[in-house]
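Report on one structure; see the data block that follows.
The values are calculated or read from the model by the stated rules, or taken from the named source; none is laboratory data. Note that the structure is predicted; figures quoted are calculated from it, not measured. Note that we place each Cβ from the backbone using ideal geometry, even for glycine, and neighbour counts take in every protein chain shown. For the accessible areas, the whole protein counts, side chains as well, though only heavy atoms, and no ligand, DNA or RNA atoms are used. Shrake-Rupley method; radii C 1.70, N 1.55, O 1.52, S 1.80 Å.
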Amino acid sequence: MIAVENVSKSFDGGGSFAIRGVNLRVPARTFVAIVGDSGSGKTTLLKTINRLIEPNEGEVLIDGEPVCTVAPHALRRRIGYVFQGIGLFPHMSIAENIGITPRLIGWPEPQVRARIEELIELVALPRAYLTRLPAELSGGQRQRVGIARALAARPYIMLMDEPFGALDPLTRDALGTEYRRLHERMRLTTLMVTHDILEAVLLADRIVVMRAGAIVADGEPHELLSGHSDPEVRTLMDMPRRQAERVRALVEERGGE
Amino acid sequence: MNERLSSALRVLPDYLSQHVLLSAASLALGLLLSVPLLIAARRSARLRWPVLAAASLIQTVPSIALLALFYPVLLGLSSLCKRLLGVGFPALGFLPSLLALTLYSILPILRNGITAILNLDPAILQAASGVGMTDRQRLLRVELPLAAPMLMAGLRTSAVWVIGTATLATPVGQTSLGNYIFTGLQVENWVWVLFGCAATVALALLTDQLLALIELGLARRRPQLAWTGLALLLLGVAAAGAVPVRSAGHAEYVVGAKDFSEQYILASLISSRIRAQGYAVRERTDLGSVFAFRALAAGEIDTYVDYTGTLWTNILHRTDMPGQRRMLRDLRVQLRRRYGVVLLGPLGFQNAYVLAMRPGEAARLGVHTIRALARVAPELTLGGDLEFFARPEWRMLREKYGLHFRAERSYEPTFMYKALMSHEVDVITAFSSDGRIAADHLVVLGDPLHAIPPYDAVVLLSPQSASNPVLRRALEPLIGAIPINLMRHANYMVERPADKRTPAQAARWLARAAHLNGARRRVTARRRPRPSTPSPRGMPSPP
């Protein structure tokens, strides 16, 4: 269980706030999507959880333990982190990239190697890729490695910051669906920041909408899809439905000819 | 030609190994200093700016000045050390060269390193933190490995600079490939100059290529390439270290020399006289004019030849100009009192500034003294060496004789003589012991008003060698024994364009001509040196 309690963060010494007074509770094994415009504070919120950003006020607790009492590197070894930039280490092979966190923790070498092989299959990449360098892989393949690397040390929390944002639509869809299966199978708790409402609707158990550093809506996809008091949230959530209707109309028009 | 080449090859192991050791030590120390600076500067922009600015500033100081500046600093530290701990360290040679070259090597390494680390993809750094690396792990596993190829490129630049600049360590008393260049330039031995340049370039290129191999190995992740490069480099340094150091250790006496032919010849003459008594001698040649006396006073050399006028103005900082005898007497007393240095006596000739003309021109104008020259000077052009027009001699000549020339031009000495012979100038400033005066039959103009101070060549002894019997036996017979015409001829043997002799050969000729060999006949040990008059006649024939 992740608890964000009254967290505020200002990057300019209190002039303006990226997030202000945010409260959020994410029970274990939930898949939460955080959506909102750019600058709404969703990435800042995500990064306060693994201490890539330290809040000015409030605190974040994981299973009741404040994260500020754990050394940042130790905390991050327990939390998977995937982001749009991927950030594979270009001087390390795919195998070395995947095995990095277990090795930092000090797992025995045979166990690390077994885990690397298990993960490359889990993210559906050929084993032969293990000896390659990141530069030799496509964007989608690289993000599969990014996910494998985040999962390597068996974290139960995954933080994902627009993980599929830079991928082409087909890869994006496939990878999203596959990740959702991994989430189930490995009993993960996932927080995913995305600006794609459709992706959020299709993947998440729960959607959090942010605007100007605050949470303006929080609910299951079907609740939010069926209307909300805030007009902007309504417009936002209507978009997937409108798009789907337009697509259906197009298909039927053609079929009628 | 062949003789010059083979003489160059003979000293190559010594010069090359010293050059390699100096460059390698400077680079290693430079790398050792820049990496911590780099690590400190990578996070703190406040530190980054001053560090880079300081490194750039050092780079703009002319290399030779930087090398020279360390000498007085080290000398001060050494004497402080001696006073506090009872042991000093040599302030000349390796140490000042090492420090200056180390400072030079830092900038390229630092600048490339900082650029590399600042330009790392932020996504990679975020990932490094994200997977749970500590700051240290991130530095060692991600930042440094990714910056390594560029850091190596900086090290390569640095290596080429250091190897090139190390040639300038020669004037501060450190043997290097620069010895070929400095000595070669002075005695106009172009084979040596070219040989020194070629050897330096070859060494720099080879080092650069080996470092490139390491760089390639790091960039392509092929460790065996990097290790091969490193092994070859270390092998080269080890080989240099294994060359028996000719110039250190077992020498019982050290004879110094400044950086011109006459000094080489006299140093060779003195060393051979000490060696003849069965003692090992090392020559430390090409000392910058400023360093020679300080090195003597500090006991780093035992003896060398200097000139009264130079000591008077540069060491005692006197501006008055007493006569030849009083200057000699005062110097003897003052040098002893202030520095403990013993002025043994004058050799018998002067190396002073003189004004010289082509013989035909002098006869046509009826000019034999500077006084007579002053009348016709407004129609003539004066050629001086590079420093003459800034020296007190020029000021005094103008004041005492009212000299005014139509034009004044500065030349490098070799070209000054050529300019005179090709009628580009009519009068030149020569040195009285210069061999070319006799060779070109130049007329040296008299100085009846004594405007130019005396520059008697005198033998100096360091404080601790003051009463050394070996040195005394070797040096005392030289006093008053070398007339100007012999010195001129010996200088000419070394400097003439054809049929050149080495300084050692010229020294042997000089010893024979001045009857210094075996025969116990002192020419005139107590004789005061006569003011020199040019007389190429009556000179013993060269070998």
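Points to keep in mind about this one:
- Packing here is the average count of other Cβ atoms within 10 Å per residue, and on that basis the peptides B:77-86, A:10-19, B:432-441, B:494-503, highest first, run B:432-441, B:494-503, A:10-19, B:77-86.
- Summed buried accessible area for B+A [probe radius 1.4 Å, Å², rounded to 100]: 1700
- Charge dipole (debye, nearest 20) of the stretch B:363-491; +1 at Cβ of Lys and Arg, -1 at Cβ of Asp and Glu: 200
- Each residue, B:Asn517 and B:Arg221, gets one label point 7 Å from its Cα in the Cβ direction; the gap between the two is 7.3 nm.
- Annotation: amide H-H contacts under 5 Å for B:Tyr307 (H modelled 1.01 Å from N, sequence separation of 5 or more, or interchain): B:Val458.
- Cα-based reach from B:Lys418 at 28 Å (exclusive), listing lysines while leaving out same-chain residues under 8 positions away: B:Lys258, B:Lys500
- Subtracting the Cα-Cα distance of B:His404 and B:Arg337 from 0.36 nm times their residue separation leaves 20.0 nm of extension gain.
- Rounded, prolate or oblate (a/c below 1.5 giving rounded, otherwise prolate when a/b exceeds b/c) for chain A by Cα gyration tensor: oblate
- Cα lying deepest toward the dipole's positive end in the stretch A:91-209, options A:Ala152, A:Ala135, A:Ile105, charges on Cβ: A:Ile105
- A Förster distance of 30 Å, applied to the separation of the beta-carbon atoms of A:Leu182 and A:Asp230, puts the FRET efficiency at 0.35.
- Simple label model, 7 Å out from Cα along Cβ direction - B:Val11 to B:Val87, nm: 3.1
- Classification of the stretch B:7-95 by its C-alpha gyration tensor yields an oblate form. The axis ratio a/c (a ≥ b ≥ c) is 1.5 or more, and b/c is at least a/b.
- Rounded to the nearest 20, the size of the Cβ-charge dipole of the protein assembly as shown about its Cα centre is 4200 debye, with Lys and Arg at +1 and Asp and Glu at -1.
- Estimated FRET transfer efficiency (A:Ser138, A:Asp37; beta-carbon r; R0 30 Å; 0.05): 0.50
- Label-to-label distance, A:Asp238 versus B:His450, with points set 7 angstrom from Cα along the beta-carbon direction: 11.4 nm.
- In percent, rounded to a whole number, the relative contact order of chain B is 14, using alpha-carbon pairs under 8 Å and six or more apart.
- For the peptide B:135-141, the mean number of other protein chain Cβ atoms found within 10 angstrom of a residue's Cβ is 2.
- Loop-located trypsin sites (Lys or Arg not before Pro) in the stretch A:150-197, at most 12 other Cβ atoms within 10 Å (DSSP): A:Arg187
- Local electrostatic count, B:Ala159, Cβ distance below 14 Å [Lys/Arg +1, Asp/Glu -1]: -1
- Neighbouring partner chain Cβ atoms per residue of A:87-93, average, 10 Å criterion: 6
- Chain lengthening between B:Val35 and B:Val470 when straightened (0.36 nm per residue, less Cα-Cα): 151.5 nm
- With R₀ set to 25 Å, the beta-carbon distance separating A:Gln111 from B:Thr134 gives a calculated FRET efficiency near 0.70.
- Global form of the stretch A:111-178, assessed from the alpha-carbon gyration tensor, a/c cut-off 1.5: oblate
- Dipole size of the stretch B:152-301 about its Cα centre, with +1 on Lys/Arg Cβ and -1 on Asp/Glu Cβ: approximately 440 debye, rounded to the nearest 20.
- Hydrophobic long helices, here whole DSSP H runs in chain B with Kyte-Doolittle means of at least 0.0 and Cα atoms spread over 27 Å or more along the helix axis, are found at B:2-43, B:63-85, B:94-118, B:144-165, B:190-219, B:223-242.
- Accessible surface, per residue, of the stretch B:158-240 when the full set of protein chains is kept, probe 1.4 Å, Å²: 43
- Value at 222 nm in deg cm²/dmol, rounded to 500, when DSSP H runs of n ≥ 4 in chain B each add -39,500 (n - 2.57): -18500 deg cm²/dmol
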